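Before any comments, here is the structure.
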Amino acid sequence: MMKKIFLLIVVSCQLSVVSGQSSLSGSLSMDSKISFDRSEKINKDATKNINENQKSPLLAGALSFVIPGAGEFYSENYIKSAVFVAVEAAAITIGLIYDKKGNDQTNFFQNYAELNWSVLRYAQWTLIHLKELNPNLNPIDYQNKVIQNGKVNWDELNKLENDVAGRDGRDGKVPGSYYSHRLPKYGEQQYYELIGKYPQFNVGWNDFGNGDLNTPYAYGDPLTEKFRYYSIERGKANDFYNIATKAVIVVVVNHILSALDAAWSAHGYNSRLEMHASIEKYNTGFNTVYYPQLNLQYSF
């Protein structure tokens, strides 16, 4: 019996393009006097190797949910990874910038209000013109309650506002209907919002009537210059915060989309990568020869 002393290695590669999809495939065949057990071990090792190279969609999704683009990088989809990272960086940067702008603008318009709007002036004018606002009310009933030692009692002021806007039991009308809101406590966010939003608080600005508390006012009269300016500046802060909020929404959406895309990318990677290991059996006369057949296919 002649012994085989040569090792035949055949490597063939075939490149094909079908419907826009390319695939690279090849086969490696080895002819030798090896045992079936040895060939089976090669087959198992090859299968194990391809399993180790596959990507976990669950892990890819989890990585991108924590850090957008990480799952795509893990799945070797580097372009998508760069896109998600860029979106995340841009959104975070914009959010931080406009949140700081909002804070700075808020400090500006609040300081402006401290210098130009006074709750004491607002309360004093209301008491002076109480009969005009609601003929059913007597200023004496509120004089020593709303203002005490030069300071405003907030609870009494809110009660006064309620009474001004109260119903007239005789005809059902609301004589002081333009007192539609109660002034929130000093320093609250709503405090700074309302004094520059509703005409009711126009009289509290120091340019109203050139500071003369006896200046009459009717709902619908022109607002003061400082009231209008303050409203514009407060609106700028809201605009800055709105942009920052939208940036936060983009960050959240980017995490979710990146996680879904990463899981899909990992699945696609596994679909494109296929490895098959098998043992081909050939009879040559009185001898049986086993050929380890290893096929690797990657589509892109």
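The values are calculated or read from the model by the stated rules, or taken from the named source; none is laboratory data. Since this is a predicted model, take the numbers as computed values, not measurements. No Cβ is skipped: glycine too gets one built from the backbone with ideal geometry, and neighbour counts run over all protein chains shown. Side chains included, ligands, DNA and RNA excluded: accessible areas come from the protein's heavy atoms. Shrake-Rupley method; radii C 1.70, N 1.55, O 1.52, S 1.80 Å.
Brief remarks on what is shown
- Within the option set 144, 111, 138, being open to solvent by 40 Å² or more (accessible area, probe 1.4 Å), modelled with pLDDT under 95 and in a helix (DSSP H, G or I) holds for one residue only, 144.
- Some residue of segment 229-247 being modelled with pLDDT under 80, under 47 Å from the mean Cα position of the chain (by Cα) and closer than 30 Å to residue 78 by Cβ: no
- The residue of segment 172-211 that is most open to solvent (accessible area, probe 1.4 Å), among those that are of a type in the set (Ser, Thr, Tyr) and more than 23 Å from residue 137 (Cβ to Cβ), is 186.
- Against the numbered list (1) touching a residue at least 40 places away in the same chain (Cβ under 8 Å); (2) of a type in the set (S, T, N, Q); (3) surrounded by 14 or more Cβ atoms within 10 Å (Cβ to Cβ), residue 214 comes up short only at (3).
- Number of residues in segment 73-108 that are touching a residue at least 24 places away in the same chain (Cβ under 8 Å), aromatic (Phe, Trp, Tyr) and crowded, with 18+ Cβ neighbours inside 10 Å: the value is 3.
- One residue stands out in segment 58-93 among those that are touching a helix residue (DSSP H, G or I) at 6+ places or on another chain (Cβ under 7 Å) and part of a loop (DSSP other than H, G, I, E, B): the one that is nearest to residue 253 (Cα to Cα), namely 68.
- If you go through segment 58-112 and pick out every residue that is of a type in the set (S, T, N, Q) and more than 30 Å from residue 192 (Cβ to Cβ), you end up with 4.
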